[in-house]
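**Student:** Handing you a structure now.
What follows draws every value from the coordinates through simple rules; no lab data is involved. Small disclaimer: the values here were computed from a predicted structure and weren't measured. Glycine gets a Cβ as well: all are built from the backbone with ideal geometry, and neighbour counts include every protein chain shown.
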């Protein structure tokens with residue numbers, strides 16, 4: 001409870017400070033959203049949607065009338081001999097004969113009446129594959145959150161350390177001013193002033209390092225969110241995130257969608273051995289025509305219905321079903337492995353949250369003690385009881401305790417958001 005109060009105070013102070021200075025404020029959730037919107041991979045959503053639409057439309061066109069044209073020219077070793085069935089002694093009858101070279105060009109229009117559900121299942125398969133691709137893309141985009149979290153809290157850490165470093169410099173500058181005045185009055189040594197000024201230089205060097213690191217992190221964050229971030233841009237301290245039970249990562253949905261796709265594949269196996277029925281009409285030109293006793297070129301047509309029933313897929317049906325079952329089992333193993341690894345990560349992150357919470361309470365105790373010692377050291381320095389070197393040692397000790405408090409506070413927040421991202425809550 002004390003830890004949450006402390007984090008809330010830090011959050012409130014940061015909010016008031018940013019509002020007072022008129023800075024542009026950016027939140028962690030806004031960074032998540034902007035990074036997702038501007039990540040190059042997001043363009044695949046439109047490609048997946050368009051590809052799925054074309055595939056579904058193609059499946060629907062299986063019920064459109066189909067036109068086919070064919071032609072052939074043949075030479076036969078033998079044709080029908082009408083003399084075998086018509087007596088040659090009948091007067092007035094000329095027995096026809098057929099040419100051994102025959103020709104035909106034919107066009108056929110067919111209309112599917114029943115396809116065993118092939119067209120419908122192709123549409124379902126196209127939609128299922130598109131859903132898998134979209135969810136895989138969602139998984140990849142979700143991974144960006146970890147990188148944004150690292151950068152965001154890295155910037156917050158640099159800003160907090162810069163602020164604490166500035167407070168330390170102010171304390172050193174105050175002590176240096178007093179030492180300079182004492183030197184002017186002949187009651188202090190030049191070495192006292194120089195030692196304090198040397199520590200001030202150290203704080204300036206630290207400020208340069210913190211500021212440079214912050215700028216580097218800001219540039220990387222700006223590249224992710226595709227926004228121009230300046231020195232006036234301030235990052236808001238995220239509110240404490242209480243760990244919640246359950247795992248709701250996009251990977252879970254990905255596994256569920258894959259399982260549904262396997263169900264569609266099983267239905268397709270069943271449709272492969274169902275009969276197919278269509279209506280057709282043929283128009284042709286050639287020799288001979290349907291009137292086989294007329295050995296002349298001419299047109300003809302024929303129409304009707306056609307039933308096709310191919311049972312060859314039954315040979316492999318059992319094996320294909322077993323392959324599907326194996327794929328389902330592999331999917332279950334992958335899902336179980338993911339849940340196990342994620343649970344292990346959540347346990348470690350929960351321990352980190354507890355650890356940093358305990359460290360913050362210890363930091364508060366250390367800061368209270370160090371601040372008390374430093375106040376006494378200031379009074380002793382003013383009265384000449386201790387040396388400047390001893391005062392600087394106490395000042396550094398208090399600064400180290402406060403820097404530790406800052407680090408652990410940010411690490412606690414980061415651990416909470418790591419837990420939140422890992423669990424997907």
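**Student:** Hey, could you grab the Kirkwood Rh for the range 100-253? Inverse mean 1/r over distinct alpha carbon pairs, Å, one decimal. Display every interim value, and only then the final one.
**Tutor:** Values: mean 1/r = 0.0437 Å⁻¹.
This gives a value of 22.9 Å.
**Student:** Separation of the range 178-222 and the range 245-262 by C-alpha centroid, Å?
**Tutor:** Their Cα centres are 55 Å away from one another.
**Student:** For the range 331-387 and the range 264-288, what is the separation of their Cα centres, given in Å?
**Tutor:** Spelled out, the Cα-based centre of one part sits 73 Å from the other.
**Student:** Can you run the Rg to Rh ratio on the range 25-80? Use alpha carbon positions and the Kirkwood inverse-distance Rh. Kindly include the intermediate steps, with their values, before the conclusion.
**Tutor:** Numbers: Rg = 27.7 Å, Rh = 17.3 Å.
Over the Cα atoms of the range 25-80, Rg/Rh equals 1.60.
**Student:** Any idea what angle helix 250-271 forms with the longest principal axis of the chain, computed on alpha-carbon atoms, 0 to 90 degrees, nearest 10?
**Tutor:** Tilt relative to the chain: about 10 degrees.
**Student:** Find the Rg to Rh ratio for the range 31-187, where Rh is the Kirkwood radius over alpha-carbon pairs and Rg uses the same atoms.
**Tutor:** Values: Rg = 43.4 Å, Rh = 25.8 Å.
We get a ratio of 1.68 for the range 31-187.
**Student:** Once the convex hull of the alpha carbons of the range 191-269 is built, what does its volume come to per residue, in cubic angstrom? Don't skip to the answer; put the middle values down first.
**Tutor:** Details: hull volume 16.0 nm³, N = 79.
Given the Cα convex hull of the range 191-269, per-residue volume reads 203 Å³.
**Student:** Follow-up. Over the range 289-425, how many percent of alpha carbon pairs lie in each 10 Å bin up to the one with the longest distance?
**Tutor:** 10, 16, 12, 11, 10, 8, 7, 6, 6, 5, 4, 3, 2, 0
**Student:** Here's something else I'd like to know. How high is the relative contact order of the range 90-246, given as a whole-number percent (alpha carbon pairs under 8 Å, six or more residues apart)? Numbers along the way, then the final one.
**Tutor:** Working: 63 pairs, mean separation 40.2, N = 157.
About 26 percent, as a whole number.
**Student:** Report, for the chain, the % of DSSP beta bridges that are antiparallel, rounded to 5. List each step's numbers first, then the result.
**Tutor:** Details: 33 of 36 bridges.
Of those bridges, close to 90 percent are antiparallel.
**Student:** When only C-alpha pairs under 8 Å and at least 6 residues apart count, what is the relative contact order of the range 324-416, in percent? Intermediate values should be presented prior to the final figure.
**Tutor:** Numbers: 46 pairs, mean separation 37.9, N = 93.
Answer for the range 324-416 is 41 percent.
**Student:** Now for a different question. Rounded to the nearest 10 degrees, what's the angle between the helix 2-21 long axis and the longest principal axis of the chain, both from Cα atoms, 0 to 90?
**Tutor:** 90 degrees
**Student:** What are the extents of the Cα atoms of the range 241-342 along their three principal axes, listed from largest to smallest and rounded to whole Å?
**Tutor:** Cα extents, longest axis first: 92, 33, 17 Å.
**Student:** A further question on this structure: Relative contact order (percent) for the chain, with alpha-carbon contacts under 8 angstrom and 6 or more residues of separation? Please report the intermediate quantities before stating the final value.
**Tutor:** Numbers: 519 pairs, mean separation 101.9, N = 425.
Worked out over the chain, it gives 24 percent.
**Student:** Diagonalise the Cα gyration tensor of the range 124-206 and give the resulting equivalent ellipsoid semi-axes, square root of 5 times each eigenvalue, largest first, whole Å.
**Tutor:** On the way: eigenvalues 745, 13, 4 Å².
Those come to 61, 8, 4 Å.
**Student:** Moving on. Per residue, how much space in cubic angstrom lies within the convex hull of the C-alpha atoms of the chain? Working shown, then result.
**Tutor:** Numbers: hull volume 92.9 nm³, N = 425.
Convex hull volume per residue, Cα atoms: 219 Å³.
**Student:** Of 54, 315, 255, which has the largest mean-square fluctuation in a 10 Å C-alpha GNM of the chain?
**Tutor:** Residue with maximal mean-square fluctuation among 54, 315, 255: 315.
**Student:** Angle, helix 388-423 long axis vs. longest principal axis of the chain, Cα atoms, 0 to 90°, nearest 10?
**Tutor:** Between the helix axis and the principal axis of the chain, the angle is about 20 degrees.
**Student:** Taking only Cα atoms of the range 362-411, what ratio of Rg to Rh do you get with Rh as the Kirkwood inverse-distance radius? Don't skip to the end; give the middle numbers.
**Tutor:** Working: Rg = 12.1 Å, Rh = 11.2 Å.
Looking at the range 362-411, the ratio lands at 1.08.
**Student:** Counting every Cα pair in the range 343-389, what percent are over 12 Å apart?
**Tutor:** Details: 764 of 1081 pairs.
Distances greater than 12 Å cover 71 percent of the Cα pairs.
**Student:** Sort 69, 56, 201 so that the residue with the fewest other Cβ atoms within 10 Å of its own Cβ comes first and the one with the most comes last.
**Tutor:** Values: 69 8, 56 17, 201 12.
If I rank by nearby Cβ atoms, fewest first, I get 69, 201, 56.
**Student:** Can you show me the helix-derived [θ] at 222 nm for the chain, built from DSSP H runs with n ≥ 4 at -39,500 (n - 2.57) apiece and divided by the number of residues, rounded to the nearest 500. It would help to have the intermediate numbers written out before the result.
**Tutor:** Details: 9 runs with 277 residues, N = 425.
Per the formula, -23500 deg cm²/dmol.
**Student:** Normalized C-alpha radius of gyration of the range 93-146, against 2.2 N^0.38 Å? Spell out each step's value before the answer.
**Tutor:** On the way: Rg = 28.0 Å, N = 54, 2.2 N^0.38 = 10.0 Å.
Dividing the Cα Rg of the range 93-146 by 2.2 N^0.38 Å gives 2.80.
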